[in-house]
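First the structure, in the form of structure tokens, and then the observations on it.
Nothing in this text is a laboratory measurement; each read-out follows from the coordinates by a stated rule. A quick note: this is a predicted structure, and the numbers were derived from the prediction, not measured. Methodologically, a virtual Cβ is constructed for each residue, glycine included, from the backbone with ideal geometry; neighbour enumeration extends over all protein chains shown.
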Amino acid sequence: MMAKRRSKNVSDAEKDILLQLIQPRLNVIENIKTDGATNKMKFSVWEDITVSYNALQTSGQRTSGQLKAMFDVMKRKTKKGQKP
């Protein structure tokens, strides 16, 4: 089994790009439903965001899981009043 490789830290510019890509799709991502159709739509939206994000990025590729985690951390920090 391969060990996880650490990615580069996320820059403020990368966070801004992610937020710009998420904004028009936020209603799907933040939907609280968890039925099969909704989850399939969420997965599709995250894959679309990942493809768009990686096309704009020059500092390395990120997976949809990494982008989701990045967005979750940004949301948590915003709720706590910290800088995302």
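Given only helices, namely DSSP H runs of n ≥ 4 each adding -39500 (n - 2.57), what is the per-residue ellipticity at 222 nm of the chain, to the nearest 500 deg cm²/dmol?
For the chain, the value works out to -20000 deg cm²/dmol.
Along region 46-51, what does the Karplus equation 6.51 cos²θ - 1.76 cosθ + 1.60 (θ = phi - 60°) give for ³J(HN,Hα), rounded to whole Hz, x for Gly and Pro?
5, 5, 5, 4, 4, 4
Calculate, for ASP48 and LEU19, the FRET efficiency according to 1/(1 + (r/R0)^6) with r their C-beta to C-beta distance and R0 22 Å; round to the nearest 0.05.
Given R0 = 22 Å and the Cβ-Cβ separation, E is 0.90.
Give the calculated FRET efficiency between GLN82 and ASN9 to the nearest 0.05, with a Förster radius of 25 Å applied to their Cβ-Cβ distance.
Working: r = 16 Å, r/R0 = 0.65.
That pair, GLN82 with ASN9, gives E of 0.95.
Using 19 Å as the Cα-Cα cut-off, could you pick out the over-long pairs in LYS15/LYS40; LYS4/LYS79; LYS4/LYS77; LYS42/LYS68?
Too far apart for the 19 Å limit: LYS15/LYS40; LYS4/LYS79; LYS4/LYS77.
Taking a label point 7 Å from the Cα of LEU56 along the Cα→Cβ vector, which residues of region 19-47 have an amide N closer than 20 Å to it?
19-30, 42-47
Which of the listed residues, SER11, VAL51, THR34, is farthest toward the dipole's positive end in the chain, when Lys, Arg count +1 and Asp, Glu count -1 at the beta-carbon?
Towards the positive end, the residue furthest out is SER11.
Net charge near SER64: determine it from the other residues with C-beta under 14 Å of the C-beta of SER64, scoring Lys and Arg +1 and Asp and Glu -1.
With Lys, Arg at +1 and Asp, Glu at -1, the net is +2.
Taking H placed 1.01 Å from N in the peptide plane, check which residues at least 5 places from ASN31 or on another chain put their amide H under 5 Å from its amide H.
Long-range HN contacts for ASN31: none found.
What would the Debye equation give as log₁₀ I(q)/I(0) for the chain at q = 0.15 Å⁻¹, counting only Cα atoms as equal point scatterers?
Results for the chain at q = 0.15 Å⁻¹ read -0.60.
Relative contact order for the chain using alpha-carbon pairs under 8 Å, separation at least 6, rounded to a whole percent?
24
Pulled fully out, how much extra length does the chain show between ILE29 and THR63, if you take 0.36 nm times their separation in residues and subtract their Cα-Cα distance?
On the way: separation 34, 0.36 × 34 = 12.24 nm, distance 1.62 nm.
Residue separation times 0.36 nm, minus the Cα-Cα distance, leaves 10.6 nm.
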